[in-house]
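The values are calculated or read from the model by the stated rules, or taken from the named source; none is laboratory data. All values reported here derive from a predicted model rather than from experimental measurement. Ligands, DNA and RNA are excluded from the accessible area calculation, which covers all protein heavy atoms including side chains. Shrake-Rupley method; radii C 1.70, N 1.55, O 1.52, S 1.80 Å.
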Amino acid sequence: MRLVSFQPKFQDAVLRLNALTVTRSEFIGRSVDPAWHDDLLRIPLTYLESGGAFLLGFQEKRLVAMGGC
């Protein structure tokens, strides 16, 4: 897996992976308010501009992991 820092060009891939995860999880889709994912619409503001990080994990050209702090 190759890790890279978030860049705006990856925004659509982040949202697609999140949607896939939420719709296929037997736990997340039932228990988490969709507004909980609003941070993914503001990654630079929420994570990067406050001194944090948001990393993306790619297998070849496919986004398979992501996370921020």
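Miscellaneous remarks
- Among (1) of a type outside the set (Lys, Arg); (2) modelled with pLDDT under 85; (3) open to solvent by less than 40 Å² (accessible area, probe 1.4 Å), the one test that PHE6 misses: (2)
- Region 49-69, residues that are open to solvent by 70 Å² or more (accessible area, probe 1.4 Å) and not small (Gly, Ala, Ser): GLU49, LEU55, GLN59, GLU60, LYS61, ARG62, CYS69
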